[in-house]
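Trainee: The following block contains the structure, expressed as structure tokens.
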Amino acid sequence: MNKNQCIELEQISVSGDSVVYDFSYPEELSNIFNYSKIEIEYSTDISDIDESLLSIPFIGNVVPMAWGYNIEVNVPSIDRRFANDITAVKDALDSLYSKACFDSNQNLIHSDSVVDNHMPEGEFKSAQLFTGGLDSVSTYLRHRHESPALITIDASKGQRNDSEFAKTQSRIREFGEEEGLKCEFIRTNTYYLLNHSELENAYEDAAYYTWWENFQLGLSYLSTCAPLAMSEGYNIIRIASTFTEEYNHPYGSHPAIDNNICFGETQCLHDSFDLSRQQKWRITTDYFEHKDKTLFVQSCTEEGNCCNCLQCARNIVGISVEGLDPDDYGYEVSGGWFDDCKLKFKSNEWRLNRIEHFFWKDIQNSIPENLDKGNYKSGAVDFLEWLRAADLNQYTE
Ligand SMILES: [Zn+2]
């Protein structure tokens, strides 16, 4: 293979809990790559991990783009299970995004060394990606009996300010301590590795969201966990679903993608594709209503939930549908909030895109017939009655 025509992993430098990847790429991709170095910091020592597993985060973050441009990715060594199953990930993207033309019949990943990796004998251990949002909290509750480790990834290292991430860490540590769970934190610069706007222009006809959300999300996050999974012996890593099968559009984290990511003896799993968002609220509120402590459900900023944006409103209304007080879940809903919310819809200040339309339809369909029992905030019952009768298409882009 001509080195100048492939994306080549030149060097992996490991030190304690950090790894740096230096790579080269063909001249024709110079407008796509923002830099030629990936950095990852784990909260666990990964210095003993085999190069065939260390190369996985690099591959996972460059290969969707390489498939799109039909360019080979060359690494010195690769894990056998990852190498075998990644072809199915490419096929999944190809089938989800038929206009993207990921149509090469090879997976385009080349390595002279393919290695079988085994974990030392030990008890079954699971882990999951965790943000503290509704999806990941409800995934935790479904698998609570396994005491999964919580893995939080900040993929914006170098761009995001450290104190913001420190706030996220302390919020998640508090949750982990309360539930008796190990917390793992990963910081990396992979989110800004590629020039998204350039890629979004190139794939404008093929995809609806950003490049990251369409093509990279699940593969990037899960592949970044590979060295950690071996170091800590995680047999399973779950990623919480955003959507259900009823959401009839492609997205970059999907069972067909995530369930085909595996490495060493670790299997990744897309979790709760069978649960609507409102069903996730039911699982979450059932659990936390029986605990003394309130739960902070993250929906917008690190500083706390603003309670003024559509994402916060979606959660405040979702909790209200369950007849519960949103103030117990990280929101501050004062008198007049529900009237303001209705006004934002009616005045077109808020317009639903197709993702929000999907979620608000689920909320609408879940409003109970009887709104006379429950701990409703002032204005909530009137609002829910209005929402039940509303034509959401009128508020949709
Ligand atoms: Zn907000």
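Trainee: Lys/Arg Cβ at +1, Asp/Glu Cβ at -1, dipole of segment 1-82 taken about the Cα centre: which of 75, 42, 18 is farthest positive-ward?
Mentor: 75
Trainee: Taking the 0 to 90 degree range and rounding to the nearest ten, how far is the long axis of helix 380-389 tilted relative to the main principal axis of the chain, both from C-alpha atoms?
Mentor: The helix 380-389 is inclined about 70 degrees to the chain.
Trainee: Per-residue ellipticity at 222 nm for the chain, helices alone: DSSP H runs ≥ 4 residues times -39500 (n - 2.57), over residue total, nearest 500 deg cm²/dmol?
Mentor: -11000 deg cm²/dmol
Trainee: Quick one: 231, 24, fewest Cβ neighbours within 10 Å first, how do they rank?
Mentor: So the residues, fewest neighbours to most, are 24, 231.
Trainee: Okay, moving on. Name the residue from 255, 330, 376 whose Cα lies farthest towards the positive end of the charge dipole of the chain, charges +1 on Cβ of Lys and Arg and -1 on Cβ of Asp and Glu.
Mentor: Projecting each Cα onto the dipole axis, the largest value belongs to 376.
Trainee: Take every DSSP beta bridge with both residues inside segment 1-133 and express the antiparallel ones as a percent of the total, to the nearest 5.
Mentor: Just about 60 percent of them are antiparallel.
Trainee: Using the 10 angstrom Cβ neighbour count as an exposure proxy, how do 126, 320, 147 rank, fewest first?
Mentor: If I rank by nearby Cβ atoms, fewest first, I get 147, 126, 320.
Trainee: Chymotrypsin sites (Phe, Trp or Tyr not before Pro) within segment 1-95: which are DSSP loop residues with at most 14 other Cβ atoms inside 10 Å?
Mentor: Those that pass, being in a loop and sparsely packed, are 35.
Trainee: Using a simple charge model, +1 on the beta-carbon of Lys and Arg, -1 on the beta-carbon of Asp and Glu, nothing else, what dipole does segment 1-101 show about its Cα centre, in debye to the nearest 20?
Mentor: 420
Trainee: Also, quick follow-up: How charged is the neighbourhood of residue 310? Take every other residue with its Cβ under 15 Å from the Cβ of residue 310, and add Lys/Arg as +1 and Asp/Glu as -1.
Mentor: Once positives and negatives cancel, what remains is +3.
Trainee: To continue, here is another question. Once the chain is represented by equal point scatterers at the alpha-carbon sites, with solvent omitted, what log10 I(q)/I(0) does the Debye formula produce at q = 0.07, 0.13 Å⁻¹?
Mentor: -0.35, -1.12
Trainee: What dipole magnitude, in Debye to the nearest 20, does segment 289-395 give about its Cα centre under +1 on Lys/Arg Cβ and -1 on Asp/Glu Cβ?
Mentor: With only Lys, Arg, Asp and Glu charged at Cβ, the dipole is about 380 debye.
Trainee: Taking 0.36 nm per intervening residue step and subtracting the Cα-Cα distance, what contour gain separates residue 346 from residue 99 on full extension?
Mentor: Extending this stretch completely gives an extra 85.3 nm.
Trainee: Further question on the same structure: Arranged by the count of other C-beta atoms within 10 angstrom, fewest first, what order do 50, 274 take?
Mentor: The fewest-first ordering by Cβ neighbours comes to 274, 50.
Trainee: Roughly speaking, what is the stretch gain from residue 332 to residue 244, that is 0.36 nm per residue apart minus the C-alpha to C-alpha distance, in nm to one decimal?
Mentor: 28.8 nm
Trainee: Right, something else. In debye, nearest 20, what is the charge dipole magnitude of the chain about its Cα centre with +1 on Lys and Arg Cβ and -1 on Asp and Glu Cβ, if you could check?
Mentor: The dipole magnitude comes to about 740 debye.
Trainee: Working out 0.36 nm times the residue gap between residue 112 and residue 286, then minus their Cα-Cα distance, what length gain in nm do you get to one decimal?
Mentor: My answer for the length gained is 57.4 nm.
Trainee: Right, another one. Which of the chymotrypsin sites (Phe, Trp or Tyr not before Pro) across segment 123-187 are loop residues per DSSP, with 16 or fewer other Cβ within 10 Å?
Mentor: 124
Trainee: Just order 259-266, 353-360 by mean Cβ neighbour count inside 10 Å, highest at the front, would you?
Mentor: So the peptides 259-266, 353-360, ranked by packing, come out 259-266, 353-360.
Trainee: Over the chain, what is the percentage of antiparallel beta bridges among all DSSP beta bridges, to the nearest 5?
Mentor: Of all bridge pairs located within the chain, approximately 40 percent are antiparallel.
Trainee: Give, in whole angstrom and from largest to smallest, the semi-axes √(5λ) of the equivalent ellipsoid of segment 289-395, with λ running over the eigenvalues of the Cα gyration tensor.
Mentor: 21, 17, 13
Rule-based calculations on the coordinates, nothing more; no lab input. Keep in mind that what you see is a predicted model, and the values were worked out from it rather than measured. Cβ coordinates were reconstructed from backbone atoms using ideal geometry, including for glycine residues, and neighbour counts include every protein chain displayed.
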